[in-house]
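A short write-up of the structure that comes next.
Each value in this text was obtained by applying a stated rule to the coordinates, not by laboratory testing. Model, not experiment: these values are computed from the prediction. All Cβ positions, glycine included, derive from the backbone under ideal geometry; neighbour counts span all protein chains shown.
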Amino acid sequence: MILEKTALEGVYLLKPEKVFDDRGYFMRIYSEDDFAAKQIHFNFKQSAVSFNHTKGTWRGMHFQTPPYEDEKLVSCTRGVLRDYVVDIRPASPTFKQWFSIDLYAEERWMLYLPKGIGHGIYTLNDNTELTYHISQNYQPNHARGIRWNDPLFNLKLPMPPIVISDRDQSFPDFDVEEAIRLSKQSQ
């Protein structure tokens, strides 16, 4: 398994290595030892699947506040999607920066997202599925989000979302002062 640094501090792109034979291939999608070699100690408490019927569906940018911040390991398991990642950690050298990457089911690439990262997806074709492994259980009172068109981040989507939930559409502008206050509480 290859773990590559990305543009954001602590976010890694994982490229599983496939071993082929007459039957097909075998690949590891998680290795505690490979993660530990990068000083990542990821233990997940739940796994989830997000299935999306329509190209142009937006989900995100989701995160949980302290003390329930979560790490995620995400992978496109059907179709193609553009994965968006925003650094909302005030102490991070990449605070308020973001990047996106296209994930294809055929490649089986994954993203590791540390605590303090906002995460969203935009589907690039119909019938797209994303699998999540998450380090915390969902805590509705600590669930927050960043709107896809928040002017602070100026995310570049291929086009405005065709399908988006009322909740994801109505997130307020990101509050930097609140992020700083919450990060001090978690220390």
Run through region 43-139 and list the trypsin sites (Lys or Arg not before Pro) located in a DSSP loop whose Cβ has at most 13 other Cβ atoms within 10 Å.
K45
For region 47-154, average projected area of the Cα convex hull in nm²:
6.6
Pair R78, A105: separation of 7 Å Cα→Cβ label points (nm)
0.6
The longest stretch of the chain containing none of the GluC sites (Glu not before Pro) that sit in a DSSP loop with at most 16 other Cβ atoms within 10 Å is 18-105
Candidate lysines for bridging to K45, where Cα separation is under 27 Å - those fewer than 8 sequence places away on the same chain excluded:
K5, K15, K18, K72, K115, K184
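Give me the net charge for the shell around I121: Cβ to Cβ below 9 angstrom, other residues only, Lys and Arg +1, Asp and Glu -1. Walk me through the numbers before you get to the answer.
Working: positive: R59, R82; negative: D83.
Net local charge, I121 excluded: +1.
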Rounded to the nearest Å, the spacing of the alpha-carbon centers of region 124-187 and region 28-77 is 14
If you take the charge dipole of region 1-101 about its Cα centre, with +1 on Lys and Arg Cβ and -1 on Asp and Glu Cβ, which of Y84, Y25, F35 is farthest toward its positive end?
Y84
Using the Cα gyration tensor of region 2-185, with a ≥ b ≥ c the square roots of its eigenvalues, what is the shape: rounded (a/c below 1.5), prolate (a/b larger than b/c) or oblate (neither)?
oblate
What are the trypsin sites (Lys or Arg not before Pro) within region 124-156 that DSSP puts in a loop, where the Cβ has at most 10 other Cβ atoms within 10 Å?
K156
